[in-house]
């Protein structure tokens, strides 16, 4: 079974807004075993909308339309669908009553124009919208010598579209035989080309399951896509490939799916009943922000200092001023002094510190982005690491914060 997603709206074709609905629907349909062959985006032009519907109905079995169901004059999805099958629009009294009731609950008068939202192509089945004023509809487009193409029209607002699809459209669709399941494994501490070299044949084109590599702010994500005739078959393929990845990537792997380095660090600290504090002179509190976003952080993370200036470092952490005078604000020695002072102030088991780097003009491509330093203090020792910045300078803070978290993660794993 094949599908096409038809995104309606001139705001999409002009680039004023980004179409995220089509991506979400493609993933949702794939989970049902329905392959999406086409994404079509069409402006609010009636003739072109009708043409897009007719073309789609000839080449796929299911069409999901998003957008164009509002009450304004440029909301033409209902009329386009009616013209496509040459039927009139008719008012559904039950839908109209629901729209009126929603306005009443909001203590607002319903404009007469909203009546159009209760109009549907004759023979179509309304799809209720519990979160907005725009009902969707379900209809069929006849095809000569073939089963009809089924069409679901949904609002363009994601918070309305997604639950309507899950609750109203999915039960109307038969599960296909081409099931797809996905998994993500996240790594840190290696570049994209080095990761591919470690993975070897896993990333070969045509492999089942497929393994793709994406990079975001120094985090390597390995995306596994498995196809099969059943969910069980797909999960088995993912499981076996996951084991190979873990064996080849080792401690470079820190989590799966939406897990970030801070989740791994808080989890390991909790397991070992250890505590952490932070001192940041270059990341503007990004380390603290990441750590405090993890549920249950307060049992392991005691807090930290943001010390972007020399005066702040001297007054808040009381480090020896001779260290910065001799080595400079951006140096391994200063980073280690910050970490050591922070650990003492919080009496924590570990302290992470990061140093800032000089500001530079992004438009000056000849300027080299300098390195920053991260340091880890424990009760027994001090270690540091240099973080070299290259590429987009906008991600320097994120890369530095992640590198600091990864330094602690590896220490907690007993690797360094």
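So the values come out like this:
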| read-out | value |
| --- | --- |
| Given (1) assigned to a helix (DSSP H, G or I); (2) out of contact with any strand residue (DSSP E or B) (no Cβ under 8 Å at 6 or more places or on another chain), number of the condition residue 130 does not satisfy | (1) |
| Failed condition for residue 27, given (1) under 20 Å from residue 160 (Cβ atoms); (2) surrounded by 14 or more Cβ atoms within 10 Å (Cβ to Cβ); (3) touching a strand residue (DSSP E or B) at 6+ places or on another chain (Cβ under 9 Å) | (2) |
| Residue match in segment 137-152 (condition: within 19 Å of residue 73 (Cβ to Cβ) and touching a helix residue (DSSP H, G or I) at 6+ places or on another chain (Cβ under 6 Å)) | no |
| Evaluation of residue 233 against (1) touching a helix residue (DSSP H, G or I) at 6+ places or on another chain (Cβ under 9 Å); (2) at pLDDT 90 or above (one fails), failing number | (1) |
| Segments classed as strands (runs of 3 or more DSSP E), wholly inside segment 1-115, with at least 1 members that are touching a residue at least 12 places away in the same chain (Cβ under 8 Å) and under 19 Å from residue 128 (Cβ atoms) | 62-66, 89-91 |
| Among the candidates 325, 271, residue that is modelled with pLDDT of 90 or more, in the same structural domain as residue 405 (by TED's automatic domain parsing) and surrounded by fewer than 15 Cβ atoms within 10 Å (Cβ to Cβ) | 271 |
| Qualifying residue in segment 240-262 (condition: buried (at least 16 other Cβ atoms within 10 Å of the Cβ) and farther than 26 Å from residue 215 by Cβ) | no |
| From the options 300, 315, 281, residue that is in contact (Cβ under 8 Å) with a residue 60 or more places away in the chain and over 24 Å from the mean Cα position of the chain (by Cα) | 281 |
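To keep it simple, each residue is scored yes or no on (1) closer than 30 Å to residue 36 by Cα; (2) surrounded by 18 or more Cβ atoms within 10 Å (Cβ to Cβ); (3) at pLDDT 85 or above.
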{"position": "77", "(1), (2), (3)": "yes, yes, yes"}
{"position": "82", "(1), (2), (3)": "yes, yes, yes"}
{"position": "87", "(1), (2), (3)": "yes, no, yes"}
{"position": "93", "(1), (2), (3)": "no, no, yes"}
{"position": "99", "(1), (2), (3)": "no, yes, yes"}
{"position": "103", "(1), (2), (3)": "no, no, yes"}
{"position": "117", "(1), (2), (3)": "yes, yes, yes"}
{"position": "122", "(1), (2), (3)": "yes, no, yes"}
{"position": "130", "(1), (2), (3)": "yes, no, yes"}
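The values are calculated or read from the model by the stated rules, or taken from the named source; none is laboratory data. Please read all numbers here as calculations on a predicted model, not as lab measurements. For neighbour counting, all protein chains shown are included, and Cβ atoms are generated from backbone atoms with ideal geometry for every residue, glycine included.
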